[in-house]
Amino acid sequence: MDKDKIIEVLNKDLQDEHGAIIQYLTNAYAMGEGEMACEIEGMARDEMRHLDWLAETIVKLGGVPSLVRGTMRVGGESVADWMRNDVLLEEGAITQYRENIDAIDDPKITRLLRRILSDEEAHRGQFEHFVEKAQEERLSDLRGTRSDDTTETLNWGIEHEYTVILQYMLQKYLTPNIEAKKELEDQAINEMQHMGWLAEKAVGIGGSPILEHTEVDRSTRTADMLRADIRTEREVADTYDRAAAESTDPGVKRLLLRLRDHENYHAEVFGDLLADEEQSD
Ligand SMILES: [Fe+2]
Ligand SMILES: [Fe+2]
Ligand SMILES: [Fe+2]
């Protein structure tokens, strides 16, 4: 298989990891706080690691990681149905990785794919167990239909956080600046926490989180990336600040103020990186 074909195959795997992450997080958030939700979030984190390894491999081969979200199996009435969907998603991944391992002859890449495959096999077993457990424990969808300014703010936040997670990850893959790479990864992980807090809060107050993103900045020069990031962070800090001032729910207000403080911190960190980057130009 030639290099371009390998990049294409790995990007398809990466897209499906992205789909799996969002599918599992959607399930976990909708189940509220509990042991099973925590374990599902843990599996979503495994998929994030897979996505990261695949993306780094693609960049090493001279490709650009795809931001397209791959296959998702949503729907189903009960948590047990969702767990069945998750089993099916893992089965699809297992088949796909086995085919890729057979088709690719680069030993470093197949070693990585076998490593990922072993996780997917473990996940399949765990989800099979969760189908039964969800039935026994009669777990149900905790999402509500509340729709007002508060749920709108939380969903606006989720959309923003999802977008910057993708943006900072992509930038981390593309920048040659080691310091920027480290900070972008760090802040992306922090934005993942933000997305989780907002989604859990949305469910906690009777709403329903919407996991969609908007357009991601596609700058290719590090200084341009950082300028776009600083602009975004300042805007979002202002929006959280305003929404917090208007909020009458003390829990929501506290969350928004905490997010605002983090976003201001992100803007400052990116500002320092930009100053260094401009000096080295
Ligand atoms: Fe995976
Ligand atoms: Fe954030
Ligand atoms: Fe931020």
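Some notes on this structure:
- Residue tally, condition closer than 15 Å to His266 by Cβ and not hydrophobic (A, V, I, L, M, F, W, C), over the range 127-178: 8
- As for the range 188-201, it holds no residue that is within 15 Å of Leu273 (Cα to Cα) and not acidic (Asp, Glu).
- Residue match in the range 187-199 (condition: of a type in the set (A, V, I, L, M, F, W, C), assigned to a helix (DSSP H, G or I), over 24 Å from Arg49 (Cβ atoms) and modelled with pLDDT of 95 or more): no
- Within the range 236-250, the set of residues being within 16 Å of ligand 2 (Cβ to nearest atom) and of a type in the set (Gly, Ala, Ser) comprises Ala237, Ala243, Ala244.
- So Thr110, is it within 21 Å of the chain's Cα centre (by Cα) and of a type outside the set (Gly, Ala, Ser): no
- Candidate set from the range 164-198 (those that are away from ligand 3 (no atom under 16 Å from the Cβ) and among the aliphatic types (A, V, I, L, M)); member that is surrounded by the most Cβ atoms within 10 Å (Cβ to Cβ): Leu174
- Any hit, the range 21-37, residues being more than 20 Å from Ser118 (Cβ to Cβ) and β-branched (Val, Ile, Thr): yes
- Test: residue in the range 50-66 that is on the phi < 0 side of the Ramachandran plot, within 16 Å of ligand 1 (Cβ to nearest atom), surrounded by fewer than 21 Cβ atoms within 10 Å (Cβ to Cβ) and outside any helix (DSSP H, G or I): yes
- Any chance Asp119 is surrounded by fewer than 22 Cβ atoms within 10 Å (Cβ to Cβ) and either more than 14 Å from the chain's Cα centre (by Cα) or at pLDDT below 95 (or both): yes
- Listed by first and then second residue, the pairs with beta-carbon distance under 9 Å, at least 6 apart or on different chains, first residue in the range 73-101 and outside any helix (DSSP H, G or I), second of a type in the set (Lys, Arg) and surrounded by 14 or more Cβ atoms within 10 Å (Cβ to Cβ), are Arg73/Arg84; Gly76/Arg84.
- Neighbours by Cβ (under 8 Å, 6+ apart or cross-chain): first from the range 237-263, touching a residue at least 12 places away in the same chain (Cβ under 8 Å) and outside any helix (DSSP H, G or I); second among the basic types (Lys, Arg) and more than 16 Å from ligand 1 (Cβ to nearest atom): Ser247/Lys253
- The condition of being assigned to a helix (DSSP H, G or I) and in contact with a helix residue (DSSP H, G or I) (Cβ under 7 Å, 6 or more places away or on another chain) holds for only one of Thr232, Thr220, that being Thr232.
- Yes/no for Gly271 being away from ligand 3 (no atom under 16 Å from the Cβ), touching a residue at least 12 places away in the same chain (Cβ under 8 Å) and surrounded by 14 or more Cβ atoms within 10 Å (Cβ to Cβ): no
The values are calculated or read from the model by the stated rules, or taken from the named source; none is laboratory data. Because the structure is a prediction, the values reported are computed rather than measured. Reconstructed Cβ throughout: ideal geometry from the backbone, glycine too, with neighbour counts over all protein chains shown.
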